[in-house]
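The values are calculated or read from the model by the stated rules, or taken from the named source; none is laboratory data. Given the structure is predicted, the values throughout are model-derived calculations rather than measurements. Here the Cβ is made from the backbone with ideal geometry for all residues, glycine too, and neighbour counts use every protein chain on show.
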Amino acid sequence: MTYQEVLQNAKATIKNCKVCPECNGLACGATMPGPGSKGGNAHENWKAWRRIKLNIDTFAPNTPVDTSFSLFGRDFNLPLLTGPIGTMLQYSDTDVTVAFNDGVIQAAAETGIIDCFGDGLAPATVPGALASMEKHGAAVIPVLNPLPNAHILSLMEQIEPTSAFAVAVVVDSAGLGHWKRISSDEGPGSKTVEDLKQLKAATAKPFVVKGIMTAKAALQAVEAGADAIIVSNHGGRVLADAPATADVLPEVVAAVRGKTKIIVDGGIRSGGDIFKALAIGADAALICRPFATAWFGGGSEGVRVYVEKLQAELAEAMYMCGARRLSDIGPEMIRYQK
Ligand SMILES: Cc1cc2nc3c(=O)[nH]c(=O)nc-3n(C[C@H](O)[C@H](O)[C@H](O)COP(=O)(O)O)c2cc1C
């Protein structure tokens, strides 16, 4: 199956998404519910990576490129994480979230990348995705919503004895006001450093905080004990007019590089974009929406096809910019276009 075929197939079953040749947040625009964003902010994320160019420099030994990556003592084939999607009802009338999680987790295991899955509503609950993780032997990070700490702690208790690779809390979901309105339970809300310290203390696994958009928040996540942060504005879904993640990444890198692992998401679509993120100083990149279209277009095989495309593009960018290992990638290899 080619990536073009994957996209073509996806068009037959997906809803609310036009399966654009490159997912750039334009056709879905400000549609929420659905896979869009507030104020069309997903497009701003995508556009910011387009302004960054790759500096061709082939003065380097003609040796093979190695995209291998290591995080928290485990080795992967490339510095890539799949993004969590709490409910696939954003993309279809029937709830396919369980099958989506299972397919992406399987492909993550097969391609040697990290899967992040969302903290969904029944039937797509955390234990179900953990069962898929054990079945496929994947490196998986459950991404828990910022509900009251007692609720998060009860989920963490179930995660702790499993082989989950790490555990994450997504703090920017505090902005998901529509959820507050439809749920009779207490909805998501903001967290303090003390709240996060309590969660960090409850796990022996690496603790990840997703939804960091300022240097101050990055420093506070580090203070709370975050082993990794994810620079993210939730794909533009939690606040209109938030800056693009590529634009805040340099400030976050300046503040916390070396103190925690830095992952970035939002509009990253190609291996070239992953290269740019690493050149700015991120350790890895996370991609979300294109994994949904890849899965609709070909199940776990569609996801595998997309990951293979990303790996080939990353290897090409490294080769052409003179990097042979990820650690060779540096800021001199990119240029900001005015
Ligand atoms: C339909 C949809 C549902 C999402 N659900 C979650 C979620 O449950 N938890 C979470 O941490 N992030 C969620 N996100 C945000 C993504 O994981 C990710 O941060 C963001 O979409 C990355 O940007 P990209 O889609 O441009 O790659 C969701 C995004 C979309 C589009």
Hey, could you check region 277-330 for residues that are within 16 Å of the ligand (Cβ to nearest atom) and among the hydroxyl-bearing types (Ser, Thr, Tyr) and say which is farthest from residue 98 (Cα to Cα)?
306
Which of the residues that make up region 306-338 are buried (at least 22 other Cβ atoms within 10 Å of the Cβ) and within 25 Å of residue 4 (Cα to Cα)?
306, 307, 310, 314, 317, 318
Confirm whether residue 125 is within 14 Å of the ligand (Cβ to nearest atom), modelled with pLDDT under 95, over 28 Å from residue 311 (Cβ atoms) and not acidic (Asp, Glu).
yes
Scanning region 87-98 residue by residue, those free of Cβ contacts under 8 Å to residues at least 24 places away in the same chain and either aliphatic (A, V, I, L, M) or within 25 Å of residue 169 (Cβ to Cβ) (or both) turn out to be 96
Which of (1) in a helix (DSSP H, G or I); (2) within 10 Å of the ligand (Cβ to nearest atom); (3) surrounded by fewer than 16 Cβ atoms within 10 Å (Cβ to Cβ) is the odd one out, the single condition residue 46 does not satisfy?
(3)
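Might you let me know whether region 135-146 holds any residue that is in contact with a Lys or Arg (Cβ under 7 Å, 6 or more places away or on another chain), touching a residue at least 12 places away in the same chain (Cβ under 8 Å), at negative phi and not β-branched (Val, Ile, Thr)? So that I can check it myself, show each step before the final result.
Of the residues in region 135-146, the ones in contact with a Lys or Arg (Cβ under 7 Å, 6 or more places away or on another chain) are 139, 143, 146.
Keeping just the survivors that are touching a residue at least 12 places away in the same chain (Cβ under 8 Å) gives 139, 143, 146.
Filter again for at negative phi, leaving 139, 143, 146.
Next cut, not β-branched (Val, Ile, Thr) only: 139, 146.
Yes: region 135-146 contains one or more residues that are in contact with a Lys or Arg (Cβ under 7 Å, 6 or more places away or on another chain), touching a residue at least 12 places away in the same chain (Cβ under 8 Å), at negative phi and not β-branched (Val, Ile, Thr).
Tell me, which strands (runs of 3 or more DSSP E) wholly within region 52-134 include 1 or more residues that are polar (S, T, N, Q) and exposed (fewer than 15 other Cβ atoms within 10 Å of the Cβ)?
Numbers: elements: 52-54, 69-71, 74-76, 80-82, 114-118.
In region 52-134, 69-71 are the strands (runs of 3 or more DSSP E) which contain 1 or more residues that are polar (S, T, N, Q) and exposed (fewer than 15 other Cβ atoms within 10 Å of the Cβ).
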Across region 223-257, the tally of residues that are within 14 Å of the ligand (Cβ to nearest atom) and small (Gly, Ala, Ser) stands at 7
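Would you mind stating whether residue 44 is acidic (Asp, Glu), more than 17 Å from residue 309 (Cβ to Cβ), out of contact with any strand residue (DSSP E or B) (no Cβ under 9 Å at 6 or more places or on another chain) and modelled with pLDDT of 95 or more?
Spelling it out, residue 44 is indeed acidic (Asp, Glu), more than 17 Å from residue 309 (Cβ to Cβ), out of contact with any strand residue (DSSP E or B) (no Cβ under 9 Å at 6 or more places or on another chain) and modelled with pLDDT of 95 or more.
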Any chance residue 54 is over 19 Å from residue 93 (Cβ atoms) and over 20 Å from the mean Cα position of the chain (by Cα)
yes
Of (1) under 16 Å from the mean Cα position of the chain (by Cα); (2) within 14 Å of the ligand (Cβ to nearest atom); (3) surrounded by 22 or more Cβ atoms within 10 Å (Cβ to Cβ); (4) not acidic (Asp, Glu), residue 139 satisfies every one except (2)
Close pairs from region 74-86: first among the small types (Gly, Ala, Ser), partner part of a strand (DSSP E or B), Cβ under 8 Å, at least 6 apart:
83/116; 83/265; 83/286; 83/287; 86/118
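Only one residue in 4, 8 is out of contact with any strand residue (DSSP E or B) (no Cβ under 7 Å at 6 or more places or on another chain), among the polar types (S, T, N, Q), part of a helix (DSSP H, G or I) and free of Cβ contacts under 8 Å to residues at least 24 places away in the same chain. Which one?
Working: 8 fails: free of Cβ contacts under 8 Å to residues at least 24 places away in the same chain.
Answer to the check: 4.
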So residue 28 passes all but one of these: (1) more than 18 Å from the chain's Cα centre (by Cα); (2) within 27 Å of residue 295 (Cβ to Cβ); (3) away from the ligand (no atom under 16 Å from the Cβ). Which condition number does it fail?
(3)
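Within region 327-338, can you find the residues that are assigned to a helix (DSSP H, G or I) and either touching a Ser or Thr at 6+ places or on another chain (Cβ under 7 Å) or within 22 Å of residue 47 (Cβ to Cβ) (or both)? Please lay out each step first, then the result.
Initial filter on region 327-338 (assigned to a helix (DSSP H, G or I)): 327-328, 331-333.
The answer is 331, 333.
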